[in-house]
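K.L.:
First, the structure itself, so that you have it in front of you.
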């Protein structure tokens with residue numbers, strides 16, 4: 001029997017103020033299953049389906065588990081599920097490495113040491129000194145919930161002077177979705193927005209009991225239709241490396257490569273750097289920003305106007 005369509009779910013909160021891990025697990029599995037077609041996994045397709053994607057019994061067959069077992073898991077009951085079964089389901093669903101890790105976080109959450117999940121993250125003084133010593137490369141440190149924790153002068157010149165913002169507003173998700181000037185800054189804003197939601201999804205899988213993350217997701221869901229749509233897709237992504245095209249109000253278009261370095265002593269913090277290929281117009285644009293010094297940082301305050 002074909003399954004009935006299920007409505008998109010709003011972010012579900014649990015009593016402690018975080019996200020409901022069981023609901024997150026259920027929706028993640030359902031959306032991953034919905035994106036697969038029978039022909040994608042070598043199964044015959046027998047006629048029209050009421051809902052997109054594989055049926056539960058087809059997915060269970062591919063994973064080598066009973067339909068009842070998989071159904072319980074997709075309903076959010078991951079208790080006592082083995083890592084081997086989760087691996088089999090991940091293979092059947094064609095999950096990426098990031099998605100596989102996310103599934104493990106949701107179904108078999110690690111027991112963290114007793115510490116407040118909403119604590120304020122601190123950046124080591126030596127890391128701040130390192131940032132200050134990098135004169136020609138925009139660099140910053142990002143922490144939980146996409147919070148910007150520290151940055152150098154070049155990052156302020158490129159992205160705007162975050163020091164002019166209240167601490168709660170120094171958050172990439174807020175900047176991308178709630179401040180229109182960042183739509184102008186990122187040429188492929190849609191991709192930046194999708195990446196940003198993917199990062200938050202990974203964070204939510206690791207820390208579903210974080211009330212500040214839940215509050216951030218709730219606020220963005222209310223204020224941004226685009227965020228709400230992307231969040232409902234349950235896509236996840238790890239911060240890594242890539243290329244971003246920017247349109248800066250002072251130096252024009254730049255094509256910059258970014259790298260992510262996760263800190264050894266605190267996996268919840270990462271150093272992000274942006275650089276240009278030598279000899280390119282983008283490298284010259286960065287050199288100009290560096291030569292302007294404090295003037296470029298002050299001009300970068302274009303991004304600190306109150307959000308709409």
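K.L.:
Is it the case, given these coordinates, that residue 276 is free of Cβ contacts under 8 Å to residues at least 24 places away in the same chain and touching a strand residue (DSSP E or B) at 6+ places or on another chain (Cβ under 6 Å)?
P.N.:
Working: free of Cβ contacts under 8 Å to residues at least 24 places away in the same chain: yes; touching a strand residue (DSSP E or B) at 6+ places or on another chain (Cβ under 6 Å): yes.
Spelling it out, residue 276 is indeed free of Cβ contacts under 8 Å to residues at least 24 places away in the same chain and touching a strand residue (DSSP E or B) at 6+ places or on another chain (Cβ under 6 Å).
K.L.:
Here's something else I'd like to know. Only one of these is surrounded by 15 or more Cβ atoms within 10 Å (Cβ to Cβ), touching a strand residue (DSSP E or B) at 6+ places or on another chain (Cβ under 6 Å), modelled with pLDDT under 95 and under 21 Å from residue 131 (Cβ atoms): 244, 239. Name it.
P.N.:
Checking each option against the conditions leaves just 239.
K.L.:
Please state which of the following conditions residue 225 fails to meet, knowing it meets all the rest: (1) surrounded by fewer than 19 Cβ atoms within 10 Å (Cβ to Cβ); (2) over 30 Å from residue 32 (Cα atoms); (3) out of contact with any strand residue (DSSP E or B) (no Cβ under 9 Å at 6 or more places or on another chain).
P.N.:
Result: residue 225 passes all but (2).
K.L.:
Quick one: residue 217 ticks every box in (1) in contact with a strand residue (DSSP E or B) (Cβ under 6 Å, 6 or more places away or on another chain); (2) over 23 Å from residue 156 (Cα atoms) except a single one, so which number is it?
P.N.:
The number of the failed condition is (1).
K.L.:
Oh, and also: Looking at residue 103 and the list (1) surrounded by 12 or more Cβ atoms within 10 Å (Cβ to Cβ); (2) at pLDDT 90 or above; (3) more than 15 Å from residue 205 (Cα to Cα), which single condition is not satisfied?
P.N.:
(3)
K.L.:
Looking for whichever is farther than 24 Å from residue 177 by Cβ, touching a helix residue (DSSP H, G or I) at 6+ places or on another chain (Cβ under 7 Å), modelled with pLDDT of 95 or more and assigned by TED's automatic domain parsing to the domain that holds residue 171 here; the options are 296, 276. Which one fits? So that I can check it myself, show each step before the final result.
P.N.:
Numbers: 296 fails: modelled with pLDDT of 95 or more.
From the options 296, 276, the qualifying one is 276.
K.L.:
From the list 54, 43, 29, exactly one residue is at pLDDT below 80 and closer than 18 Å to residue 94 by Cα. Which is it? Write out each step before concluding.
P.N.:
Values: 54 fails: at pLDDT below 80; 29 fails: at pLDDT below 80.
None of the others qualify; the one that does is 43.
K.L.:
May I ask you to list the residues in the stretch 163-185 that are in contact with a strand residue (DSSP E or B) (Cβ under 7 Å, 6 or more places away or on another chain) and either surrounded by fewer than 21 Cβ atoms within 10 Å (Cβ to Cβ) or under 26 Å from residue 207 (Cα atoms) (or both)?
P.N.:
Passing the criteria: 170, 171, 172, 184.
The values are calculated or read from the model by the stated rules, or taken from the named source; none is laboratory data. Everything numeric in this text was worked out from a predicted model, so none of it was measured. As a convention, Cβ positions derive from the backbone with ideal geometry for all residues, glycine included, and neighbour counts pool all protein chains shown.
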